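Report on one structure; see the data block that follows.
The values are calculated or read from the model by the stated rules, or taken from the named source; none is laboratory data. From a predicted model like this one, the values you see are computed outputs, not experimental measurements. Heads up, the Cβs are rebuilt from the backbone with ideal geometry, glycines too, and the neighbour counts pull from every protein chain shown. Note: areas computed on protein heavy atoms with side chains; ligands, DNA, RNA excluded. Shrake-Rupley method; radii C 1.70, N 1.55, O 1.52, S 1.80 Å.
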Amino acid sequence: MGKGMRAGKKPSSGGMGGNMQKQLQQLQRMQQQMEAAQAELDEKEITATAGGGAVSVTANGKKELTAVVIKPEVIDPEDPEMLQDLILVAANEALRQIDEMTQQEMGKFTSGFSIPGMM
């Protein structure tokens, strides 16, 4: 028996490597699925309204505003603050809905995981 060897013990052959490889492959598949889901989310659009539909704002999954529609009867030169508020409310609601949609979709991948920095 060689120095440092005990009777009945076999030298380790790295038996964990196969399991680690499987985990890495699973993570890579999950990453590809997440990237595909994010690409789909980026293309989706959400429209939110304010003032009973007087102002509507559309945003995409990238959180870019893609459209703002203002009904003419809401435009009051004497009260621009009201119009500004309606636009802010609609824009913030659209962005909130985008966040919610993203969390729901990406949560499918991260449920059960506790990974720092993930949703």
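In the neighborhood of residue 43, defined by Cβ-to-Cβ distances under 14 Å, what is the net charge if each Lys or Arg adds +1 and each Asp or Glu adds -1?
Charge balance in the 14 Å sphere: -3.
Tell me the trypsin sites (Lys or Arg not before Pro) within region 21-71 that lie in a loop according to DSSP and have at most 14 other beta-carbon atoms within 10 Å.
44, 62, 63
How far apart, in nm, are the 7 Å Cα→Cβ label points at residue 78 and residue 24?
Roughly 7.2 nm, to one decimal.
Exactly which GluC sites (Glu not before Pro) in region 40-79 are in a DSSP loop and have at most 16 other Cβ atoms within 10 Å? Display every interim value, and only then the final one.
On the way: sites: 40, 43, 45, 64, 73, 78; in loops: 64, 78.
Within region 40-79, the qualifying GluC sites (Glu not before Pro) (loop, at most 16 other Cβ atoms within 10 Å) are 64, 78.
Need the full-extension length gain, residue 89 to residue 49, defined as separation in residues times 0.36 nm minus the C-alpha distance. One decimal, nm. Don't skip to the answer; put the middle values down first.
Working: separation 40, 0.36 × 40 = 14.40 nm, distance 0.79 nm.
Residue separation times 0.36 nm, minus the Cα-Cα distance, leaves 13.6 nm.
Quick one: pull the percent of accessible area on region 42-91 belonging to carbon and sulfur, 1.4 Å probe, ligands and nucleic acids left out.
Taking all protein chains in place, region 42-91 shows 54 percent carbon and sulfur surface.
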